[in-house]
1. When the stretch 98-126 is examined, which residues are found to be polar (S, T, N, Q) and assigned to a strand (DSSP E or B)?
2. Report, ordered by the first and then the second residue, all pairs with beta carbons closer than 6 Å, sequence separation of six or more or different chains, a first member in the stretch 213-236 that is in a helix (DSSP H, G or I), and a second member that is of a type outside the set (Lys, Arg) and modelled with pLDDT of 70 or more.
3. Scan the stretch 102-131 for residues that are in contact (Cβ under 8 Å) with a residue 60 or more places away in the chain and either surrounded by fewer than 13 Cβ atoms within 10 Å (Cβ to Cβ) or closer than 19 Å to residue 16 by Cβ (or both) and jot them down.
4. Out of the stretch 47-61, which residues are in contact with a helix residue (DSSP H, G or I) (Cβ under 9 Å, 6 or more places away or on another chain) and of a type in the set (D, E, K, R)?
5. Could you say whether any residue in the stretch 13-23 is closer than 20 Å to residue 113 by Cα, in contact with a Gly (Cβ under 7 Å, 6 or more places away or on another chain), part of a helix (DSSP H, G or I) and at pLDDT 95 or above?
6. Can you name every residue in the stretch 140-154 that is assigned to a helix (DSSP H, G or I) and surrounded by fewer than 19 Cβ atoms within 10 Å (Cβ to Cβ)?
7. Please go through the stretch 30-46 and pick out each residue that is surrounded by 14 or more Cβ atoms within 10 Å (Cβ to Cβ) and part of a loop (DSSP other than H, G, I, E, B).
8. Suppose we filter 41, 20, 97, 55 for residues that are closer than 20 Å to residue 165 by Cα and among the basic types (Lys, Arg); which single one remains?
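The values are calculated or read from the model by the stated rules, or taken from the named source; none is laboratory data. Just so you know, these numbers come straight off a predicted model, no measurement behind them. For neighbour counting, all protein chains shown are included, and Cβ atoms are generated from backbone atoms with ideal geometry for every residue, glycine included.
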Amino acid sequence: MREIVFDTETTGTRPDLGDRVVEIGMVELLDLVPTGRTFHRYINPRRDMPDGAFRVHGLSEQFLSQFPPFEDPSIVDEMMGFIDDAVLVAHNAEFDRGFLNAELARLNLAPIPQARTVDTLLLARKKFPGAPNSLDALCRRFSIDLAERDKHGALLDSKLLAAVYLELKGGRERRLAFLDPPEEAPSEPGAVAAPVRPPVRHGTRPTPLAPRLSPEEAAAHAAFIARLGAEPLWNRHST
């Protein structure tokens with residue numbers, strides 16, 4: 001399944017009072033795994049940058065003035081083309097969806113419906129009730145590296161959230177990591193770890209088990225197989 005993990009940075013918290021999107025970051029997933037395809041744009045909001053918002057993301061009015069506004073085709077058209085019909089994933093999704101829809105509404109474009117979004121904050125609250133569930137807290141819980149995150153950034157936060165989302169959906173189990181043979185660490189300095197014994201497979205049991213079929217049952221089974229044709233499929237998998 002194709003999904004898009006996304007994040008926005010804004011001038012504030014109230015799109016209904018004129019706050020605007022100033023940065024969009026998106027990461028493409030196929031079956032929960034990042035494909036390497038991303039979408040990232042800085043956006044000129046054509047308004048001032050409040051101090052509170054600047055302290056969060058560090059994007060100044062002067063810096064953003066060199067970029068096009070949201071309605072520029074290099075932003076809105078390419079963003080919608082990147083999204084296509086994918087499900088959208090965000091942390092506190094109603095906030096980011098609300099801002100995107102406010103920008104789309106200014107251009108008389110159709111809004112993104114709630115049914116197309118997945119909110120990782122709700123997933124985290126359900127999985128870890130009562131625990132801190134900010135993006136930073138979840139990264140620490142899942143041992144996801146936060147070294148590059150000194151400020152909020154839409155693309156970096158989307159990449160971090162993609163890793164968190166995989167874990168919230170059962171990441172280690174999905175990767176089947178439990179099939180890897182365990183390694184025993186040496187018990188003291190200089191000691192050599194004991195070799196890992198491979199799992200016992202068909203034909204390798206030191207003492208074969210005694211057959212559990214009676215001679216009559218074995219004969220009846222052989223007679224049944226004989227009626228399946230010259231080369232029954234059963235015989236290919238029973239040796």
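1. So the first thing to find is which residues in the stretch 98-126 are polar (S, T, N, Q), and the list is 101, 108, 114, 117, 120.
The one that is polar (S, T, N, Q) and assigned to a strand (DSSP E or B): 117.
2. Matching pairs, first to second residue: 234/225.
3. Of the residues in the stretch 102-131, the ones in contact (Cβ under 8 Å) with a residue 60 or more places away in the chain are 102-103, 118.
Passing the criteria: 102, 103.
4. Keep residues of the stretch 47-61 that are in contact with a helix residue (DSSP H, G or I) (Cβ under 9 Å, 6 or more places away or on another chain), which gives 47-49, 54, 57, 59-61.
47, 48, 61 - these are the residues of the stretch 47-61 that are in contact with a helix residue (DSSP H, G or I) (Cβ under 9 Å, 6 or more places away or on another chain) and of a type in the set (D, E, K, R).
5. yes
6. 140, 141
7. So the first thing to find is which residues in the stretch 30-46 are surrounded by 14 or more Cβ atoms within 10 Å (Cβ to Cβ), and the list is 32, 34, 38-45.
The answer is 32, 43, 44, 45.
8. Values: 41 fails: closer than 20 Å to residue 165 by Cα; 20 fails: closer than 20 Å to residue 165 by Cα; 55 fails: closer than 20 Å to residue 165 by Cα.
Being closer than 20 Å to residue 165 by Cα and among the basic types (Lys, Arg) holds for just one of 41, 20, 97, 55, which is 97.
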